[in-house]
Amino acid sequence: MTSDFNRMHRETYCAEPFASPERIGRVTIVSSAQPWWEAATIYQIYPRSFADSNGDGVGDLNGIADRLDYLADLGIDAIWISPIFPSPMADFGYDVADYTDIDPRFGTLADFDVLLTKAHAIGLRVLLDFVPNHSSDRHAWFQQSRSSRDNPKRDWYIWRDPAPDGGPPNNWISDFGGPAWTFDEATGQYYSRAFLPEQPDLNWRNPHVRAAMLDAMRFWFGRGVDGFRLDVLWHIVKHADFPDNPVNDAYRDGMGEMHRVHQLHSTDQPEVHAIAAEMRDLADTHGAVLVGEIYLPVPKLMTYYGSANAPGVHLPFNFQLIEANWNAAELAQRITEYEAALPPGGWPNWVLGNHDRPRIATRVGSAQARVAAMLLLTLRGTPTLYQGDELGLPDAQVPPDRVQDPRELREPGIGLGRDPVRTPLPWTGEGGFSTGDPWLPIDPKHLSLNVAAQSDDPASMLTLYRRLLALRRATPALATGAIDGVKAEGDVLRYDRSDGPTRYRILLNLGDTAVPRDPADAILTTDPSGTADPDMLRPAEGLILKVS
Ligand code: NOJ
């Protein structure tokens, strides 16, 4: 199977641009009753580092548009683009100064429309990254809000008087370290900010904020976007009385400072669910998907699916694979618990990496990263794949004088920095990302893993991803079928996927010794040789077997 195989499938399934949700993707396997995103694979683009079309060293929308064929060939169905809105870039786009425009570094609204049209024409959906918890301090709303205590927009953000000693109103800590409050000299109050001082928290208890933010979502739905990833959704409502958070006794030096307290009152408040339901209502009228970024234990995560009367987001991001230790027993347990906890009708999803967390190839090593690819793409539920993981990129080395990430700059040297997972994608042996000087350096060790070199190499990680995605899209049991028999046998994680009488078995060897395997036909191996052994599962090998 080569990328031609993949292209053939795309042509079969996506011969024409889609006009309605039912037309996208694998029409052969998606019934019209099934939402498009259940059978889809999402690919996260970090736009600053994907492809630069104008030589300024920062990736842009035209760069993405130029590379859509690469994504179609890969076999994904939807792209989620990290924020592209006007921003001072204090947090590289997660500080939005205008929710309804495009930052000139990325292009224009017209460029966005072209990208969307081109993507749709080849059957790719486009998700934007909506940042509801906070805006930039340069947003006109905040400029007005901070201008005086009686400005009509004062209450659009969260302002509190100082504590009696003049310090912050409570003990809440920013996710990036330090107090979650910044004092405003001019008006003598603190504003809440869960991240940087440049990211003031919006006050979602104010109905005008809700209306304005939903209008911003409407703006993009009106242009044709297919959904949103919702940044830190569990953060957006804070306890109305601002009580201190409980102290975390397990805090130790070397942890991020945010862990000094449990975020009991500053996050995950019950009122968030009515807001998610409003957003969901809006998304559903556009056949769009909402993916919520939520880092919470499984039982709490499940509440973000909402209830029958008030459905929440379609896909509360499931970060189990990001947080798991890489052993078969733990993975089996996490998969089983997650599946068992899903509410009726709740569709699962899985994530292996993103722009905030160490890359999978670094976490588990390059051999096991191939096994991880098979795991991500054979579990039940919508997978999200992070740009560069399909090349097996490890975390990049970023020299100290090139560090950009505000998180690393604020809490240096304890492994919290995110630059290593945000460096430019290596398209060729020379880089091929930009004709200019890239905003973050390309790690020399990434150059040999470039797209061009991997494209025609049957043993490459890219070829493995293409094969897995092609098989998934052509195989109802793998795309949307049932899962059962999840268990660990020594170092081997195993489970079955089935659709009616058709049954596949997945065997993943997380260890370094060969073990005898079930006798059924091997459909796909992660082994670079491309051929399965008839009797044995090799060390660090994943196999998909056709059982019936
Ligand atoms: C989560 C995003 O993924 C991260 O990159 C960002 O810094 C914070 N939210 C703040 O928006």
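The values are calculated or read from the model by the stated rules, or taken from the named source; none is laboratory data. Values in this document were obtained by computation on a predicted structure and should not be read as measured data. Cβ placement follows ideal geometry from the backbone for every residue including glycine, while neighbour counts extend to all protein chains displayed. Surface areas here come from the heavy atoms of the whole protein model, side chains and all, with no ligands, DNA or RNA. Shrake-Rupley method; radii C 1.70, N 1.55, O 1.52, S 1.80 Å.
For segment 403-548, the convex hull drawn through the C-alpha positions has a volume of 168 cubic angstrom per residue. Equivalent ellipsoid of segment 389-433: semi-axes from √(5λ) of the C-alpha gyration tensor, largest first, are 23, 11, 8 Å. The largest-to-smallest principal axis extents of the Cα set in the chain are 74, 50, 49 Å.
What is the percent carbon and sulfur in the accessible area of segment 483-535, measuring with a 1.4 Å probe over the protein chains and ignoring ligands? Walk me through the intermediate numbers first.
Values: 1160 of 2530 Å².
C and S fraction of accessible area: 46 percent.
Full extension of the chain segment joining residue 546 with residue 457 gains 29.5 nm, where the gain is 0.36 nm per residue of separation less the Cα-Cα distance. Annotation for residue 140 and residue 330: the two label points, set 7 Å from Cα along the Cα-Cβ direction, are 4.9 nm apart. Counting only protein heavy atoms and a 1.4 Å probe, the chain has 36 square angstrom of accessible area per residue.
Within a straight-line Cα-Cα reach of under 22 Å, residue 238 can be paired with the following lysines, leaving aside sequence neighbours fewer than 8 residues apart in one chain: 153, 300.
Could you estimate the translational diffusion coefficient of segment 133-178 from the Stokes-Einstein equation, with Rh from the Kirkwood formula over C-alpha pairs, at 37 °C and 0.692 mPa s, in whole µm²/s?
Rounded, D is 271 µm²/s.
Taking every C-alpha pair closer than 8 Å and separated by at least 6 residues, the mean separation divided by the residue count of the chain gives a relative contact order of 14 percent.
Our estimate of slack between residue 514 and residue 397, defined as 0.36 nm per intervening residue step minus the Cα-Cα distance, is 38.8 nm.
Among the trypsin sites (Lys or Arg not before Pro) in segment 182-235, which ones are in a DSSP loop with at most 16 other Cβ atoms within 10 Å of the Cβ? Mind listing them?
Details: sites: 193, 205, 210, 218, 223, 229; in loops: 193, 205.
Those satisfying the criteria are 205.
Only Lys, Arg, Asp and Glu carry charge here, each on its Cβ (+1 for the first two, -1 for the last two); on that basis segment 366-433 has a dipole of about 260 debye about its Cα centre. The per residue volume of the convex hull around the alpha-carbon atoms of segment 247-286 is 89 Å³.
The calculated 222 nm mean residue ellipticity attributable to helices in the chain amounts to -7500 deg cm²/dmol, summing -39500 (n - 2.57) over DSSP H runs of n ≥ 4 and dividing by all residues. The aspartates and glutamates within cross-link reach of residue 546, meaning a Cα-to-Cα straight distance under 20 Å and a gap of 8 or more places when in the same chain, are 484, 489, 496, 499, 518, 521, 527, 533, 535. In terms of its alpha-carbon gyration tensor, segment 239-396 comes out oblate; a/c meets the 1.5 threshold, while b/c is at least as large as a/b. Full extension of the chain between residue 531 and residue 100 yields a length gain of 150.1 nm, computed as 0.36 nm times the residue separation minus the alpha carbon distance. Overall, the ratio between the Cα radius of gyration of segment 508-548 and 2.2 N^0.38 Å, rounded to two decimals, is 1.02.
Compactness check for segment 154-301: Cα Rg over 2.2 N^0.38 Å is 1.14. A 1.4 Å probe over all protein chains sorts 105, 48 by accessible area into 105, 48, starting with the largest. For segment 56-99, taking Cα atoms only, Rg and Dmax work out to 12.8, 35 Å respectively. Debye-formula intensities of segment 315-399, expressed as log10 I(q)/I(0) at q = 0.11, 0.26 Å⁻¹, are -0.29, -1.43 (one equal scatterer per alpha-carbon, no solvent).
For residue 525, the accessible surface of its heavy atoms amounts to roughly 10 Å² (probe 1.4 Å, protein chains only, rounded to the nearest 10). Backbone N atoms of segment 160-202 closer than 19 Å to the 7 Å Cα→Cβ label point of residue 149 belong to residues 160-170, 182-192.
On segment 329-400, 55 percent of the accessible area sits on carbon and sulfur atoms, based on a 1.4 Å probe.
Taking all protein chains as present, what is the carbon and sulfur share of the accessible area of segment 436-477, in % to the nearest whole number, probe 1.4 Å?
Carbon and sulfur together cover 63 percent of it.
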